[in-house]
Amino acid sequence: MRQILLNGSTLKYGIIGNPVSHSFSPSMHSSAFAEIGYNAIYLPFLVEPDQLASLLPAFVLTGVRGLNVTVPYKEKIIPFLDILSDEAKALGSVNTLWYDRGRWHGHSTDGAGLVRGLTQKGWEIKNQRILVLGAGGSAKAITYALLKAGATKVDIDNRTIEKAESLAKSLARSFDPQLIGVGRSGNYDILINCTSVGLKGNQTPLAKEELEKFDKVVDIIYNPAKTKLLQDAESLGIPAENGLSMLLYQGVESFELWTGQPAPVDVMAQVLQQQLQSPT
Ligand code: ATR
């Protein structure tokens, strides 16, 4: 058993959100800290909206060094930060904060997490034509990261097409507008579902007959582990991945920002699997 030792030098990290009790991050990061012998703990903090303004100064007082941010504060926390990464500025949202020399820094690792997860599995993003379904916060972070990773075309399709148009417009401030499209046409190397369709019931965002147009399929949903979309893709012999590696690698990226050390990816993956199989 790897013992967790806490003392006066223990660094403090956590996740803020509402709700936050379902988060896998406290177990994943606490285990990872222990694995590399980094003297730190990571806790969930349930935050009410009216507490947001006083939150970061209170964390400074209590010695909290870094935070993850989840729903519904990824955008709302921004006015209280001092320095934003290019991603955070472009997305208008953050999932990772750290405190350094009197200043709170904000960054988003969600999109980079997806790209790193797929790259680890041997999937290319560079020079790929990709269709993203959805235009919410996840789609925004992911389309940004895909373009940053060198995708040649990212088309965005969404139930509410105006939201896809508005996302495309906002991405065009950071990337060549010719790389970004709205709607769908022709064949693609990769399909990425960033909608919530498939979370419940046996629904799919795209009919099975449409899947032949894609060489690979990703669903960012990881619970259920195999949505109808992924089942359909697999039954057609199309390589398919769920969102577990995105969840893992967004955490890996946060961990590495906080500790400056390579994350113990295998341990983090193991903890995620355990939590998924028997959530506490
Ligand atoms: P997240 O932060 O995870 O991206 P979100 O911002 O709420 O979540 O976005 C949810 C996405 O799923 C949106 O693209 C939404 O489409 P709309 O913009 O039209 O609302 C999409 N979505 C949710 N339910 C859907 C449904 N039943 N059919 C199609 N798309 C759906």
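Please treat every number below as a calculation from the coordinates, not as lab data. Source: prediction; values computed, not measured. Neighbour counts are summed over all protein chains in view; Cβ atoms, including those assigned to glycine, are modelled from backbone coordinates with ideal geometry.
One table, with the values for the structure above:
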quantity: Debye, to nearest 20: dipole size of the chain, +1 on Lys, Arg Cβ, -1 on Asp, Glu Cβ; calculated: 280 debye
quantity: Selected from E234, E209, E256 as most flexible by GNM, with the chain as the system and alpha-carbon contacts under 10 Å; calculated: E209
quantity: Distance between modelled label sites at N187 and S235, nm, 7 Å Cα→Cβ extension; calculated: 2.3 nm
quantity: Structure-based [θ]222 nm, the chain - -39500 (n - 2.57) summed over DSSP H runs of at least 4, per residue, nearest 500; calculated: -10500 deg cm²/dmol
quantity: Radius ratio Rg over Rh of the stretch 123-241, counting only Cα atoms, Kirkwood formula for Rh; calculated: 0.94
quantity: Rounded tilt (10° steps) of 25-36 against the dominant C-alpha axis of the chain; calculated: 70 degrees
quantity: Cβ-based charge dipole, the chain, positive-most Cα from L211, L81, Y249; calculated: L81
quantity: Distance in nm between pseudo-label sites at Q274 and E256 (7 Å out along the Cβ direction from Cα); calculated: 2.4 nm
quantity: Top of G134, G111, G260 by mean-square fluctuation, Gaussian network on the chain, Cα under 10 Å; calculated: G260
quantity: Filter on K153/K216; K169/K213; K140/K169; K89/K148 - keep pairs with C-alpha separation over 23 Å; calculated: K169/K213
quantity: Area projected by the alpha carbon convex hull of the stretch 142-195, averaged over all directions, nm²; calculated: 3.6 nm²
quantity: Tilt relative to the chain, helix 52-61 - C-alpha long axis, 0 to 90 degrees, to 10; calculated: 50 degrees
quantity: Dipole magnitude of the stretch 25-91, debye to nearest 20 (Cβ charges: Lys/Arg +1, Asp/Glu -1, about Cα centre); calculated: 60 debye
quantity: C-alpha center-to-center spacing [the stretch 161-177, the stretch 110-129] in angstrom; calculated: 21 Å
quantity: Residues whose placed amide H lies under 5 Å from that of I220, excluding near-sequence neighbours; calculated: N193
quantity: Extension gain from D100 to S174, taking 0.36 nm per residue of separation minus the Cα-Cα distance; calculated: 23.9 nm
quantity: Ellipsoid semi-axes in whole angstrom, largest first, where each is sqrt(5λ) of the Cα gyration tensor of the chain; calculated: 33, 22, 16
quantity: Long-range HN-HN contacts of T109 with modeled amide H, under 5 Å; calculated: N95, T96
quantity: Separation in nanometres of the label points that stand 7 Å from Cα toward Cβ, at F80 and T119; calculated: 3.2 nm
quantity: Angle in degrees between helix 137-148 and the longest Cα principal axis of the chain, rounded to the nearest 10; calculated: 80 degrees
quantity: Most fluctuating residue given options I78, I36, I192, as computed from a GNM of the chain linking Cα atoms under 10 Å; calculated: I36
quantity: Relative contact order of the chain, defined on C-alpha pairs under 8 angstrom at six or more residues apart (%); calculated: 16 percent
quantity: Rounded to the nearest 20 debye, dipole of the stretch 124-183 from Cβ charges on Lys, Arg, Asp, Glu; calculated: 120 debye
